[in-house]
Structure formats: structure tokens, C-alpha cells
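Enquirer: What follows is a single structure, and I will ask about it in a moment.
The values are calculated or read from the model by the stated rules, or taken from the named source; none is laboratory data. Just so it is clear, the structure is predicted and the values come from calculations on it, not from any experiment. Cβ placement follows ideal geometry from the backbone for every residue including glycine, while neighbour counts extend to all protein chains displayed. The area values use the complete protein model at the heavy-atom level, side chains included, leaving out ligands, DNA and RNA. Shrake-Rupley method; radii C 1.70, N 1.55, O 1.52, S 1.80 Å.
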Amino acid sequence: MSADVVLIHGSIITMNPSQPRAQAVAIKDSVIVEVGTNIKVEQWIGKDTKIIDLRGKTVIPGFIDTHAHMAGFGRSLTWINLRGVKSIKEMQRQLREQVRETQKGKWILGRGWDQDRFKERRYPTRWDLDMASPLNPVVFNRVCGHVCVANSKALELANVTKETVPPPSGQIDRDSKTGEPTGILREAACDLVWSILPETSVGELTRACALA
């Protein structure tokens, strides 16, 4: 049996601790079937094999671009993880636990909630978060990343009131009777709150990148 493609005379980075580098690679039906020395891999050469002489060039495993913003992703790992939370009460419980460990006035962030999983079958509101955190500003991103809920302290700091006009392509959900913001911000309106968060310190950024 012969390979479809053979790479020879190269510097192959394998990511295999027991064989970190090799000279050549043989590929059959889009599968790597041999990695090793030129002599070993040349055994896979047949009359129809395409031979690529690397002439000492380096070959590395494919890069898969997951579009992860490393610092931002790392920071999100320090937030309250609300994936799998099944009720607003459970969300409040996790928030109360975080409040006990957080300095008064410091922002508390979270991610991953999904109202479709909630026992209450509704969106959380600023008033739900206020019950657990009246003094610390709170912002929780929905699982989709396009909607967030902020408590009253966060809305106050962001100057979001019943008179606030949402930005283009953004929406501020309002109470149907009073017109007051419910705390739910959609799309570009999320930036009204996220844009006023304190700058991340060098130490926090370093820890975030390490987590990522």
C-alpha cells in the first residue's frame, strides 16, 4: 500500500512528547499514516504518490482559529458561571455568595444564564439582582452574549434611566407600567454598562491570560 502524499527532508513538529520531531510524514486518504525518518516514510512511496521535498522547512500541526479573545476569555473565567442555573432564586444564591467575598462597591460579573432554563420562565430583572446585591454593581451576560442584565447600582453608575435613549441597534427593556428599565439590555445597549467598568489591572490581566 502506498501513500497519497509524502513529505520528506523536513523538520516536523509532532506535538508528541515521545517523538517531538521527525523528518518525514506519509498521508493516505487524508490521514497521517506514518511519521518518522526519511527512510521509514519513503517505504510508503508508490508510483502515484505525490512527493514534497521540504528541504529543511518546518511543518507544524494545523492552527484551529476558535476566535477566542484570550484576555477577555480569561477574564470571563473569573466571573460567576451561571450555565446550568435553573432558577432566578439559584442565580440570587450564587450572587449572595459572591457578595460575601467581594469588597463593597466592587463590580460583580457573571455569564451564561438562560431564562429558558429557569423555573420562573422569565428574564431576570434589576430588582431580582438588587435583592442579592443592593450595593455592589452587577452585570450578568446571557449565554448568547447579546443580552445582559444589570442591577440598579450598575444602571445608576451608567446613568441609564427611563429617559435614556438606547443606541442604534440596541434595546433597553422597560416596565410596561412605569417605563423604568428592567435591567435587561440587548445588543449595543449592553455597552452602556460594560463601557464604564473599571480598567483591568496588569495583575488581573495576567491572571486572566493564565486562566485562558
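Enquirer: Using the crude model of +1 on Lys and Arg Cβ and -1 on Asp and Glu Cβ, and no other charge, please compute the dipole size for the stretch 1-151 relative to its Cα centre, in debye to 20. Each step should come with its number before you reach the end.
Expert: On the way: 23 positive and 15 negative charges, 156 e Å.
With only Lys, Arg, Asp and Glu charged at Cβ, the dipole is about 740 debye.
Enquirer: Still on this structure: Thinking of the chain as a set of Cα atoms, what percent of all their pairs are more than 30 Å apart? Don't jump to the answer; show the numbers that get you there.
Expert: Values: 10212 of 22366 pairs.
Everything past 30 Å amounts to 46 percent.
Enquirer: Loop sites only, by DSSP: take the GluC sites (Glu not before Pro) in the chain that have at most 11 other C-beta atoms within 10 Å and name the longest stretch containing none of them. Intermediate results must be reported in sequence, preceding the final value.
Expert: Working: sites that count: Glu101, Glu163, Glu199.
Here the longest run is 1-100.
Enquirer: Along the charge dipole of the chain, which of Gly183, Thr37, Ser11 sits closest to the positive end, that is, farthest toward it, with unit charges on the beta carbon of Lys, Arg, Asp and Glu (+1, +1, -1, -1)?
Expert: Gly183
Enquirer: Work out the count of Lys pairs in the chain where the Cα-Cα distance is under 27 Å, with the pair 8 or more places apart or on different chains.
Expert: 25
Enquirer: Still on this structure, please answer the following. So, with a 1.4 angstrom probe, what is the percent of accessible area on the stretch 37-153 that is carbon and sulfur?
Expert: Values: 3820 of 7330 Å².
The computed percentage sits at 52.
Enquirer: By the gyration tensor of its Cα atoms, with a ≥ b ≥ c the square roots of the eigenvalues, what is the shape of the stretch 1-124: rounded for a/c under 1.5, prolate for a/b over b/c, or oblate?
Expert: On the way: a/c = 5.03, a/b = 3.09, b/c = 1.63.
Note, shape of the stretch 1-124 comes out prolate.
Enquirer: Further, regarding this structure: What's the longest uninterrupted piece of the chain once you rule out the trypsin sites (Lys or Arg not before Pro) that are loop residues per DSSP with at most 12 other Cβ within 10 Å? Please list the in-between numbers first.
Expert: Details: sites that count: Lys47, Arg55, Lys57, Arg83, Lys86, Lys104, Lys106, Lys119, Arg121, Arg122, Lys162, Lys177.
Here the longest run is 1-46.
Enquirer: Tell me the relative contact order for the stretch 30-153 as a rounded percent, counting alpha carbon contacts under 8 Å between residues six or more apart.
Expert: Numbers: 147 pairs, mean separation 25.0, N = 124.
Relative contact order, the stretch 30-153: 20 percent.
Enquirer: Counting pairs of alpha carbon atoms under 8 Å apart in space and at least six apart in sequence, what relative contact order in percent does the chain give? Walk me through the numbers before you get to the answer.
Expert: Working: 396 pairs, mean separation 33.9, N = 212.
With pairs under 8 Å counted, the relative contact order is 16 percent.
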